[in-house]
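The values are calculated or read from the model by the stated rules, or taken from the named source; none is laboratory data. The structure displayed is predicted, hence computed values, not measured ones. So basically every Cβ, Gly included, is an ideal-geometry build from the backbone, and we count neighbours across all protein chains shown.
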Amino acid sequence: MNRNSLERFALVVLLAAIAIILGPSTVYAHTGVSPAHDLMHGLAHPLTGIDHVLAMFAVGLWAAQRGGRAIWFVPLTFVLVMTLGAMLGMSSVSIPFVESGIAISVLAMGIFVAAAVRLPFSISAAIVGLFALLHGHAHGAEIPASATGMTYVVGFILATVFLHAAGISVGIAQRLRSSPRIVRYAGTAIAACGLFLCVR
């Protein structure tokens, strides 16, 4: 696939992403109405909301852009802090502005990828950790008191790792192809979706 074909493909992805966010039933993973009892629900739940899918994919893209130890450290930070957030949500610990923060996370991560932002390592981890806390809390707060929730938590952790890995794989593949603009176009599409989530 030549560069022009890749750019056309990126445009198609951008348009598809915009079309997806216009579907109101699929915008948020954190609806509070879907089952949250077992491993399969945990695996499926993060994949049913565009907010979580885009944020996790963007974390992987950004980690790949940064390169070096960021490729594993940034996603690992997200997963660990997300798990902490889930525990807080399961324990009914309140965190303000969770849904707004999740929408902002999509916008911010998209901007970071689109602009190929390079922040100090500790600041990168802190930002990703803050977003992870919000995503994890939203997932954990949905688990009913009648359920143990642990298999559900394992499920959404595995789904999150998959989305991170997908982002990292795309980012590395485009870097090897010397096509960093494709990743930045993807970041622009993610930021556009995040902006829509913030204002809807």
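Residue 178 meets each of the listed conditions (1) outside any helix (DSSP H, G or I); (2) touching a His at 6+ places or on another chain (Cβ under 6 Å) apart from (2). In this structure, does residue 103 turn out to be modelled with pLDDT of 90 or more, closer than 24 Å to residue 48 by Cβ and either assigned to a helix (DSSP H, G or I) or under 16 Å from the mean Cα position of the chain (by Cα) (or both)? Against the criterion (modelled with pLDDT of 90 or more, closer than 24 Å to residue 48 by Cβ and either assigned to a helix (DSSP H, G or I) or under 16 Å from the mean Cα position of the chain (by Cα) (or both)), residue 103 qualifies. Looking at 157, 95, just one residue is within 24 Å of residue 190 (Cβ to Cβ), hydrophobic (A, V, I, L, M, F, W, C) and touching a Leu at 6+ places or on another chain (Cβ under 9 Å), and that residue is 95. Checked against (1) under 20 Å from residue 197 (Cβ atoms); (2) at pLDDT 90 or above; (3) among the aliphatic types (A, V, I, L, M), residue 86 passes all but a single condition, namely (1). For the stretch 98-106, the count of residues that are farther than 19 Å from residue 188 by Cα, crowded, with 22+ Cβ neighbours inside 10 Å and of a type outside the set (Phe, Trp, Tyr) is zero. Scoring residue 122 on the criteria (1) farther than 24 Å from residue 44 by Cβ; (2) modelled with pLDDT of 90 or more leaves a single failure, condition (2).
Among the listed residues 191, 115, 166, identify the single one that is under 21 Å from residue 68 (Cβ atoms), within 13 Å of the chain's Cα centre (by Cα) and aliphatic (A, V, I, L, M).
Checking each option against the conditions leaves just 166.
Kindly indicate whether any position in the stretch 126-146 is among the β-branched types (Val, Ile, Thr) and not in a helix (DSSP H, G or I). Checking the stretch 126-146: at least one residue is among the β-branched types (Val, Ile, Thr) and not in a helix (DSSP H, G or I). Taken over the stretch 74-85, residues that are in contact (Cβ under 8 Å) with a residue 60 or more places away in the chain and over 16 Å from residue 51 (Cβ atoms) amount to 3.
Here the condition is being loosely packed, with under 15 Cβ neighbours inside 10 Å, modelled with pLDDT under 90 and farther than 13 Å from residue 52 by Cβ; of 179, 146, it holds for 146 alone. Every test in (1) among the β-branched types (Val, Ile, Thr); (2) crowded, with 18+ Cβ neighbours inside 10 Å; (3) out of contact with any Pro (no Cβ under 7 Å at 6 or more places or on another chain); (4) in a helix (DSSP H, G or I) is passed by residue 161 save one, and that test is (2).
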